[in-house]
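Student: So that we are looking at the same thing, I have put the structure below in C-alpha cells.
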Amino acid sequence: MPRPVSAEKRRSSATPLYLILGAVALAGIGLVATQLKPAKAAGASDFVPVTLTPEQLQRVPGISVGRSDAPIAIYEFADYQCPACGQWATFIEPVIKERLVDTGKARYVFYDFPLGGTHQYAFLAARAGRCANEQNKFWEFHDALFARQRDWSYAKNIGDAAEKFSEYAETAGVDDGAFEQCLASDKYAKEVSETRKLGETLGVQGTPTIFVNGQRITDLPGSYSEFEAQVRRIAPQAFGDAPVAEAPAAGAP
C-alpha cells in the first residue's frame, strides 16, 4: 500500500546506483530473482518478465533533470496512481527543483514503480510517461498525470485511461499521433518492468520512496523544509553556510 506522505528540462539516463547496489550486495540481500507477471496484449497494464544481473541493474535508466555532476543525487521511486506520490509531486517536488535542482545543487531522478493491484492503470501511465519522454516532454506530462490523478484513476477501463493520457499529452505539447502509436504498442513495458525490479532489489515496498546520495529517507517529510533538513545531514557540503530554506508545509491536494 502507498505511504502518506527549473533547471533545463532534458531527457537523460540516471547515473547507476553503485552506492546503493553495493550496500545491497554487502548486506547479502542479493538480486531479487522472482519474475514479474507476464504481459497480455499490447497496451495491457501488466509487467513483463525480467531477469537482471547486478551489472544490468546498475544500468537501469531513470529520467533525470539537473546537473549530472551535482553534489546531491535524489532518486524517487513512484507510482502515478498513488495519492501520496501525487501529494509529493504537487507540494514538495516542485520546490526541490526550484531550490536544489535549478541552483545546481542536485540532480533529480524519477524511477517508475507501479504497484499493480488496485492501481490498475499505473503501469500504462508509466509507459505513457516514457512515450512523452521521446519528445523531451516527460516532466510536463509527469506533472499533468499527477495534477489530474483523480480523473484518470477512476476511468472505467484501460481504453478510457489511454484516451485521457492522450489528452494530457497534447496539452503538454506532445505530438498526439506519435504518442498514441507509442502507447498502443508494448514499447517501454520492459523498461518500466526493469525499474520496478530495481526498486524491489533496493527494498522498495511502497511509494514514494526517496534516496539521497544512496541513503534511503525512512521518514518521508511533510514539507520541503523538513526534506532539506534531512538532505543537509546527508550532504552538508552542498550548502556551505546557507540557512535552511523555509517553505510552507504540504497540505491536502
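The values are calculated or read from the model by the stated rules, or taken from the named source; none is laboratory data. All figures in this text were calculated on a predicted structure; none of them were measured in a lab. Here Cβ is always computed from backbone atoms with ideal geometry, including for glycine, and neighbour counts include all displayed protein chains. Accessible surface is based on the protein model in full, side chains and every heavy atom, while ligands, DNA and RNA are left aside. Shrake-Rupley method; radii C 1.70, N 1.55, O 1.52, S 1.80 Å.
Student: What does the highest-first list of 53-61, 184-192, 74-82 look like by mean Cβ count within 10 Å? Present the calculation step by step, with values, prior to reporting the outcome.
Tutor: Working: 53-61: 15.1, 184-192: 17.6, 74-82: 26.0.
Order by mean packing, descending: 74-82, 184-192, 53-61.
Student: Okay, next question. Taking 51 Å as R0, compute the FRET efficiency from the Cβ-Cβ separation of Arg233 and Glu134 and round it to 0.05. Let's see the in-between values first.
Tutor: On the way: r = 38 Å, r/R0 = 0.74.
After rounding to 0.05, the efficiency reads 0.85.
Student: How far is it, in nm, from the label point at Asp143 to the one at Gln205 when both lie 7 Å from their Cα along the line to the Cβ?
Tutor: Result for the modelled spin labels: 3.5 nm.
Student: Taking every alpha carbon pair in the stretch 87-197, what does the distance histogram look like in 10 angstrom bins from 0, in percent?
Tutor: 14, 45, 33, 7, 0
Student: In nm, give the distance between the simple-model label positions of Asp186 and Asp160, each being 7 Å from the Cα along the Cα-to-Cβ direction.
Tutor: Using points 7 Å along Cα→Cβ, the separation is 2.7 nm.
Student: Whole number in Å², please: accessible area per residue of the stretch 100-253, 1.4 Å probe, ligands, DNA and RNA not counted.
Tutor: On the way: 6320 Å² over 154 residues.
Heavy-atom accessible area per residue stands at 41 Å².
Student: Further, regarding this structure: Using modelled amide H (1.01 Å from N, peptide plane; none on Pro or chain starts), what sits under 5 Å from the amide H of Thr209, excluding residues fewer than 5 places away?
Tutor: Residues meeting the criterion, in which the H sits 1.01 Å from N, are Phe77.
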